[in-house]
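Asks: There's a structure below that I have some questions on.
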Amino acid sequence: MKKILVTGATGGLGFATAEHLLALGHVVLLHGRSEQSLATAAQALSQYSDQLEIYAADLSDLAQVNNFIEQVKEKHTQLDAIINNAGVLKTNTPISSSGVDSRFVVNTITPYLITQKLLPLLDGGRVINLSSAAQSPVDIRGLSGELQYSDAMTAYAQSKLAITAWTLYMAEEIKQTQFIPVNPGSLLATSMVKSGFGIEGKDIRKSVKLLADLAVSKDFDGESGRYFDNDVGAFGAPHPDAQNTNFQAELIKNLARFH
Ligand SMILES: NC(=O)c1ccc[n+]([C@@H]2O[C@H](COP(=O)([O-])OP(=O)(O)OC[C@H]3O[C@@H](n4cnc5c(N)ncnc54)[C@H](OP(=O)(O)O)[C@@H]3O)[C@@H](O)[C@H]2O)c1
C-alpha cells in the first residue's frame, strides 16, 4: 500500500487516477480547487475506500498553494508519490493574483513549489508531472508576468515545455527521487479538451492506468529523467528546448524567485 498525492483530482484524469489507485488499495491525498468539488468527489470515491484525505486550494493563488503544502506536511512525514496533475488551458481568469499568466502558475510554478517543498517527504519516491504533446519554446518573461498572453494555447504550450524542463533538471540533480514527465495522450475526453477544442475526445482509460503505474508500479522502478509520450506508448524525446541545460538553468533561476 502506497501513499499518493494527486492534484486536480476532482475531475478528468486526476479523479479517474485517484479512483484507480484507491481501487488498488492505495492511500490517496486528494487535492481539489474547492471544498464543494472535493465533497462531491470524496462521496463518489467512498465506494472504493475510506483511505482518502482531502485538501482544497486554488493553485493559481500562491498563498493557498503554500497553505496546502503546509497542511500536507502537518499530517505526513512520508509520501510515496506526487502526481502533479492539475492543469489549465482555457480560463476566465488568465491573469493570476500574482500578475503571472494562470497557465504558468498552475501548470509550471505550483507543481515546482509542491515538489520542492515536499521533497523531504519523498525520499525514494516518485514525482509524476503532467506534460503534453503541446510544448513550445518559452519566453521567460511569461514567468514574471512581464509578458502577457492573448492566446490560451500559446501560454499552455510554453507552460508544459517549462514543467518538462524542470522535471528533467531535477532528475539530474536529485538521484534519490524519481522524476517522470508524461504526456498522458492527446485530445483525451476531459473537460479541458471539451472546453478547449469543442470535441468529446478519446477514451482516457489507458492514460489513467499509465499515470497510476508511473506512480506505483514496479515496472517503473529506478526510472527517472525520461519523458514518457503516451501518444506513442513509450519513452521518447520531448521538445529539444526541454532538454537544453542552459534553458533549464535559466528556468530554475526564475522559478526560485517563487520560493
Ligand atoms: N486531456 C488531454 O488530452 C490532455 C493532454 C495532455 C495533457 N493533459 C494534462 O493532464 C492534466 C489533467 O487534465 P485533464 O485533461 O484531466 O483536464 P481537466 O478535466 O480540466 O482537469 C484539470 C484539473 O485541474 C484542476 N485545476 C485547474 N486549475 C486549477 C486551479 N487554479 N486550482 C486548483 N485546481 C485546478 C481542475 O479543477 P476544476 O475542475 O476545479 O477546474 C481539474 O481537477 C492537465 O495537467 C493537462 O494539461 C491533458
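Asks: For the stretch 159-194, enumerate the residues that are within 16 Å of the ligand (Cβ to nearest atom), among the polar types (S, T, N, Q) and either touching an Asp or Glu at 6+ places or on another chain (Cβ under 7 Å) or modelled with pLDDT under 95 (or both).
Replies: Hits for the stretch 159-194 are Asn183, Ser186.
Asks: Looking at the stretch 131-157, which of its residues are touching a helix residue (DSSP H, G or I) at 6+ places or on another chain (Cβ under 8 Å), away from the ligand (no atom under 16 Å from the Cβ) and part of a helix (DSSP H, G or I)?
Replies: Result: Ile140, Gly142, Leu143.
Asks: While we're looking at this one, here's another question. Pick out, from the stretch 158-259, the helices (runs of 4 or more DSSP H) lying fully within it that include 3 or more residues that are of a type in the set (Gly, Ala, Ser).
Replies: Values: elements: 191-197, 205-216, 240-243, 245-256.
Output list reads 191-197, 205-216.
Asks: For Asp203, work out the one condition from (1) more than 30 Å from Glu173 (Cβ to Cβ); (2) touching a Gly at 6+ places or on another chain (Cβ under 7 Å) it doesn't fulfil.
Replies: (2)
Asks: Any chance the stretch 79-96 includes a residue that's basic (Lys, Arg), modelled with pLDDT of 95 or more and part of a loop (DSSP other than H, G, I, E, B)?
Replies: Here is the first cut: in the stretch 79-96, the residues basic (Lys, Arg) are 90.
From what is left, the residues that are modelled with pLDDT of 95 or more are 90.
If we keep only those that are part of a loop (DSSP other than H, G, I, E, B) too, we end up with 90.
Within the stretch 79-96, one or more residues are basic (Lys, Arg), modelled with pLDDT of 95 or more and part of a loop (DSSP other than H, G, I, E, B).
Asks: Would you call Leu52 among the hydrophobic types (A, V, I, L, M, F, W, C) and at pLDDT below 95? Step through it out loud before you land on a result.
Replies: Working: among the hydrophobic types (A, V, I, L, M, F, W, C): yes; at pLDDT below 95: yes.
Answer is yes for this residue.
Asks: Next up: Taking the options Val27, Val72, name whichever one is free of Cβ contacts under 8 Å to residues at least 40 places away in the same chain, more than 14 Å from the ligand (Cβ to nearest atom) and buried (at least 18 other Cβ atoms within 10 Å of the Cβ).
Replies: Working: Val72 fails: free of Cβ contacts under 8 Å to residues at least 40 places away in the same chain.
Step by step, each of Val27, Val72 is checked, and only Val27 is free of Cβ contacts under 8 Å to residues at least 40 places away in the same chain, more than 14 Å from the ligand (Cβ to nearest atom) and buried (at least 18 other Cβ atoms within 10 Å of the Cβ).
Asks: Check Leu118, Leu79, Leu130, Leu122 and return the single one that is of a type outside the set (Phe, Trp, Tyr), farther than 21 Å from Thr10 by Cβ and under 18 Å from the mean Cα position of the chain (by Cα).
Replies: Details: Leu118 fails: farther than 21 Å from Thr10 by Cβ; Leu79 fails: farther than 21 Å from Thr10 by Cβ; Leu130 fails: farther than 21 Å from Thr10 by Cβ.
Leu122 is the lone residue from the list that is of a type outside the set (Phe, Trp, Tyr), farther than 21 Å from Thr10 by Cβ and under 18 Å from the mean Cα position of the chain (by Cα).
Yes/no matrix, rows are residues, columns are (1) under 16 Å from Gln116 (Cα atoms); (2) among the polar types (S, T, N, Q); (3) without any contact (Cβ under 8 Å) to a residue 40 or more places away in the chain:
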| residue | (1), (2), (3) |
| --- | --- |
| Lys160 | no, no, no |
| Gln178 | yes, yes, no |
| Ser191 | no, yes, no |
| Ile204 | no, no, no |
| Leu251 | yes, no, no |
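The values are calculated or read from the model by the stated rules, or taken from the named source; none is laboratory data. Predicted model only: the values in this text are computed from it and were never measured. Methodologically, a virtual Cβ is constructed for each residue, glycine included, from the backbone with ideal geometry; neighbour enumeration extends over all protein chains shown.
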